[in-house]
Amino acid sequence: MSDEFVGSETLLQMDPTVVAGLTWGLKRSFLGYLARTPMSQVSLGSGAGVTTQSEFWFPLADASQFDVQRGDGVLKFSGNVRFIGHGGFLHVLLDRPWIEVTADSALLSFTECRTEDPTDQRMGVASLTWPTPQDDQGDWIWPEVPTALASAGVELFNDVYPVGEALEPIRLRIPQ
Ligand code: HEM
């Protein structure tokens, strides 16, 4: 994916491993497909960024409902990324990611992804394999959280990928 794909003005020259937030490459082949689709657009909103490795970065909004020791609760992030292609037929909005971890599951969700209505309806896009975090200079980091497409995320990608399709891993950094 070239820099022109997202527009050089939106490229953050930062190392996401040192900034509190969620970093996600989504799915390489989907981004490659968009890059090959004429007139497609990727836009960032509400503080979201993109790294030099073309991963999307969402700033940490609230970690107060997450218990790192127990490994459960909710991590909330802000910002959004929007993908548009095929004259608007393809419209994917990934807005305000949350990670919800329980004893049995871990889920990455976004607010209602198919519309611009900023409701609190959430869509579970990816199931996560939740590792224990590492202590890194006063922060908790999760260098690689494996992700797979969850059932509610299938329609989002036009039923192209099946449930369980491997997505890119997530990286997280949360202040202690
Ligand atoms: C006019 C409407 C559309 C047309 C003509 C179209 C066409 C295509 C074509 C030709 C491919 C294979 C091309 C390639 O791999 O480079 C493809 C793949 C794909 N399309 Fe579409 N598409 C349309 C709408 C959509 C919509 C609404 C979505 C929803 C997100 C979507 C998601 C995908 C995905 C996820 C792939 C597979 C990408 C990959 O991982 O390789 N498409 N589409």
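Things worth noting here:
- Positive-end residue, the chain charge dipole about Cα centroid, Cβ charges, pick of 51, 172, 86: 86
- For residue 106, distant residues with modelled amide H under 5 Å away: 128
- Extension gain, residue 155-residue 41: 0.36 nm per intervening residue step, less the Cα-Cα distance, totals 39.0 nm.
- When the trypsin sites (Lys or Arg not before Pro) in the range 94-176 are filtered for DSSP coil states and for at most 12 other beta-carbon atoms within 10 Å of their beta-carbon, the remaining sites are 114.
- The sum of -39500 (n - 2.57) across all DSSP H runs of n ≥ 4, divided by the residue count of the chain, sets its helix-only mean residue ellipticity at 222 nm to -2000 deg cm²/dmol.
- With contacts taken as Cα pairs under 8 Å at a separation of at least 6 residues, the range 3-175 carries a relative contact order of 20 percent.
- Cα centre as origin, Lys/Arg/Asp/Glu Cβ charges: the range 3-175 dipole, Debye: 260
Just so you know, all these numbers are worked out from the coordinates, no wet-lab data involved. From a predicted model like this one, the values you see are computed outputs, not experimental measurements. Cβ: placed from backbone, ideal geometry, glycine included. Neighbour counts: every protein chain shown.
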